[in-house]
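Take a look at the structure below.
Each reported figure results from applying straightforward, stated rules to the coordinates on display, with no laboratory input. None of the values given here were measured: they were computed from a predicted structure. Virtual Cβ from ideal backbone geometry, glycine too; neighbours counted across all protein chains shown.
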Amino acid sequence: MEIKYVVVAHHARREQAERLADSLGAHLLVDEHDRGANWNHRRALEWAEGQSCRVVVLEDDALPVLEFAEKVSDWLARFPDDLLSFYLGTGRPPQYQKEIAGMLVDADRVRGDHIVLNRLVHGVCYSPPPSRLPGILRAWNKTLAADYAVGEAFGARVIYPCYSLVDHADLPTVEHHPDNEPRIERRRAWRLA
């Protein structure tokens, strides 16, 4: 299965974004003028729509695990018609953390390897199915945080591996968030593959 990668980056993180893009052979989209994550994620999905294969979107502060590409390929082959998030994080958004913790315990009990949420709650690393990209772009809400904009426009379940395929560098935020809430919680993966 052919997979392409695109890295969305803020100009303040150009150097690390270039390293990440180089490591994956990814297309790099740098927000040079502080237009925001919503704008840049939409740009990434517009680019993805023009590709002939599945595309994985990563933010500049994503930290892929070893054998990332192989693991991504396995998950995409299992769930070709679903939106997959390869990062399940602690701290943000706080309103989902208790539910996520319970779902991970339940998955462990039945030896499950993924959980399902009704929305995308992290934009660190995800992949929408190519057939749904036109609809996502048509339904795009430019007033939402990037992850919520993707998830709301997709409008269906999101698959999260219990063991994330990327961690989050948890750097100081460069984004002006629509909710104006400071990001002070620890933002790392619950578990890593």
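The trypsin sites (Lys or Arg not before Pro) found in segment 10-49 that occupy coil by DSSP, while having at most 14 further C-beta atoms within 10 Å, are ARG35.
With the cut-off at under 11 Å, measuring from each backbone N in segment 74-105 to a point 7 Å along the Cα-to-Cβ line of SER131 picks out 80-82. Phi-derived couplings, Karplus 6.51 cos²θ - 1.76 cosθ + 1.60 at θ = phi - 60°, listed residue by residue for segment 141-149: 10, 6, 8, 8, 4, 4, 4, 5, 4 Hz, with x used for Gly and Pro. In this simple spin-label model, placing a label point 7 Å from the Cα along the Cα-to-Cβ direction at both GLU46 and GLU32 gives a separation of 1.5 nm.
How large is the dipole of the chain about the Cα centre if only Lys and Arg carry +1 and Asp and Glu carry -1, each at its Cβ, rounded to the nearest 20 debye?
Details: 24 positive and 29 negative charges, 79 e Å.
Value, rounded to 20: 380 debye.
Taking amide H positions as modeled 1.01 Å from N, with prolines and chain starts lacking one, the residues under 5 Å from TYR5 and 5 or more places away or on another chain are HIS27, VAL56. In this structure the amide hydrogen of HIS114, modeled in the peptide plane, comes within under 5 Å of the amide hydrogens of CYS162, none closer than 5 places in sequence on its chain.
Over the chain, what is the mean sequence separation of C-alpha contacts under 8 Å (at least six apart), divided by residue count, expressed as relative contact order in percent? Intermediate results must be reported in sequence, preceding the final value.
On the way: 361 pairs, mean separation 52.6, N = 193.
Computed over the chain, the figure is 27 percent.
Ordering GLY91, VAL55, LEU137 by the projection of their Cα atoms onto the charge dipole of segment 43-146, which places +1 on the Cβ of Lys and Arg and -1 on the Cβ of Asp and Glu, puts LEU137 at the extreme positive end. Cα centroid separation, segment 54-116 to segment 18-36: 22 Å. Among the GluC sites (Glu not before Pro) in segment 45-124, those placed in a DSSP loop whose Cβ has at most 13 other Cβ atoms within 10 Å are GLU67. Farthest toward the positive end of the dipole of the chain, out of GLY151, LEU20, ASN118, is the Cα of ASN118, where the dipole comes from beta carbon charges about the Cα centre.
Each residue of segment 102-114 is assigned a 3J(HN,Hα), and the resulting list reads x, 5, 5, 4, 4, 4, 4, 4, 9, 6, x, 10, 8 Hz, derived from the Karplus form 6.51 cos²θ - 1.76 cosθ + 1.60 (θ = phi - 60°), x at Gly and Pro. Between the amide H of LEU120 and those of GLY151, GLU152, distances stay under 5 Å, these residues lying 5 or more places away or on another chain, with hydrogens modeled in the peptide plane.
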